[in-house]
Amino acid sequence: MQATTAFSTTPIPGKYWQWRGHNIYYVQAGKPQPQHPPLLLVHGFGASTDHWRKNIAQLCHDFEVWAIDLLGFGRSAKPKLEYSGDLWRDQLYDFITEVIGQKAVLVGNSLGGYASLCVAAQRSDAVAGLVLLNSAGPFNENEHTAEPEALQTQIEPPQQPDNLQKLLGDVAKWIFQQPFAQFLLFQYVRQKSVIRQTLEKVYLDKSAVTEQLIEEISRPAYDQGAFDVFSSVFRTPQGEKVDMLLKQLTCHLLLLWGEADPWINARERSQKFRQYYPQLTEHFLRAGHCPHDEVPEQVNSLLREWVFSVVSS
């Protein structure tokens, strides 16, 4: 499958917005549409606005489209902070109210999906609708979140019911709470060869894993402060559980699942979402963890159709 090559590979130039004294990078394309709310695209762990280039290029014909680099990622500042869903929730909320200036449809992948859900559930006055693509975040049943599953798969033994394996997993977790071990792991996972291996594991269509994509994910990992962001992932407690957030949610919800995702069991996770928010709409796609980048035409079409028929009606 080579459909990805039909898309523009040039990221749209962006701008900076000052938030709490930090530079936040964002991209805007398309004109305001009185009949449709704007879209705000939110990337996953280790990604950036660049990861949405195939979506922005098409969606901007029908919507005003915005994409943002979460604090700590992409071209945004990487200060030494406690990074959490609450921090990114506040960042996204303030961006919508101060920069976009009207309710937006939040579209989030993985970690960006969790941050978007936090906004939609807890700051509903800024959100016209919510689209989650293989969204991260724990439910109450002691479930691990998908991110930083990308890191955990590099450092933990395979999950087995065996007691020895469990002990080894606990030891590995303890080791990687130590700053020096975190530093060594950081040096390892930001290598381009490791980024390629990880992407090829989580993309069903390996042809979508291009040199450009690897460069776009690698580059911010060499920015000043990138290690502090990385190590914060290990320190920061998990945020509000997804089921609690869904209980607070009142807007329209669309779930797009890449069902070949090795980090998320899409069918199982779908049932949990339906349990707490049965009025959702969802589609399963032949893709991995990042369906917006792997099957962009399908994602763009489903997203457009849903906003036109459900959100704008």
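The values are calculated or read from the model by the stated rules, or taken from the named source; none is laboratory data. Please read these numbers as outputs of a predicted model, since none were measured by experiment. Virtual Cβ from ideal backbone geometry, glycine too; neighbours counted across all protein chains shown. Remember, those area values only see protein heavy atoms, side chains included, never the ligands or the DNA or RNA. Shrake-Rupley method; radii C 1.70, N 1.55, O 1.52, S 1.80 Å.
Quick notes on this structure:
- Angle between the chain longest axis and helix 296-306 axis [Cα atoms, degrees, rounded to 10]: 50
- Computed E for V194/R286 - FRET, C-beta separation, R0 30 angstrom, nearest 0.05: 0.70
- Calculated accessible area for the stretch 70-129 comes out at 28 Å² per residue, all protein chains present (probe 1.4 Å; ligands, DNA, RNA ignored).
- Karplus-derived 3J(HN,Hα) values for the stretch 19-34, using 6.51 cos²θ - 1.76 cosθ + 1.60 with θ = phi - 60°, are 9, 6, x, 10, 6, 10, 8, 8, 10, 9, 8, x, 9, x, 10, x Hz; glycine and proline are entered as x.
- With Cα atoms, 0 to 90° folded angle of helix 192-202 axis to the chain main axis: 70
- Cα gyration tensor shape for the chain, rounded if a/c is under 1.5, else prolate or oblate: rounded
- Using Cβ point charges alone (K and R +1, D and E -1), the dipole size of the chain about the Cα centre works out to roughly 260 debye.
- Sulfur and carbon atoms: percent of accessible area, the chain [1.4 Å]: 53
- Taking trypsin sites (Lys or Arg not before Pro) as exposed when DSSP calls them loop and at most 14 other C-beta atoms lie within 10 angstrom, the chain has its longest site-free stretch at 81-285.
- Each of L249, I217, Y277 was scored by the projection of its Cα onto the charge dipole of the chain, and the greatest displacement toward the positive side belongs to I217; charges sit on the C-beta of Lys, Arg, Asp and Glu.
- Here the Karplus relation 6.51 cos²θ - 1.76 cosθ + 1.60, evaluated at θ = phi - 60°, turns the backbone of the stretch 119-136 into coupling constants of 5, 4, 7, 10, 9, 5, 5, 9, 10, 8, x, 9, 10, 10, 10, 6, 5, 8 Hz, with x for every Gly and Pro.
- Vicinal HN-Hα couplings computed from phi for the stretch 42-54 (Karplus, 6.51 cos²θ - 1.76 cosθ + 1.60; Hz; Gly/Pro x): 10, 6, x, 4, x, 9, 6, 4, 4, 5, 9, 4, 5
- Positive minus negative residues near K103 (Lys, Arg vs Asp, Glu; Cβ under 15 Å): -3
- FRET efficiency estimate (nearest 0.05) - Cβ-Cβ, K15 to N140, R0 30 angstrom: 0.15
- Amide H within-cut-off set for E64, under 5 Å, with H built and near neighbours excluded: Q33, L39
- Beta bridges per DSSP with both ends in the chain, % antiparallel, nearest 5: 30
- Under-5 Å amide H pairs with W263, H placed in peptide plane, nonlocal only: none
- Anisotropy class of the stretch 1-108 from Cα gyration tensor, a/c 1.5 cut: oblate
- Counted charge near W17, where neighbours are those whose Cβ lies closer than 12 Å (Asp, Glu -1; Lys, Arg +1): 0
- Rounded if a/c under 1.5, otherwise prolate or oblate - the stretch 205-244, Cα gyration tensor axes: oblate
- The long axis of helix 266-276 is offset from the longest Cα principal axis of the chain by roughly 60 degrees.
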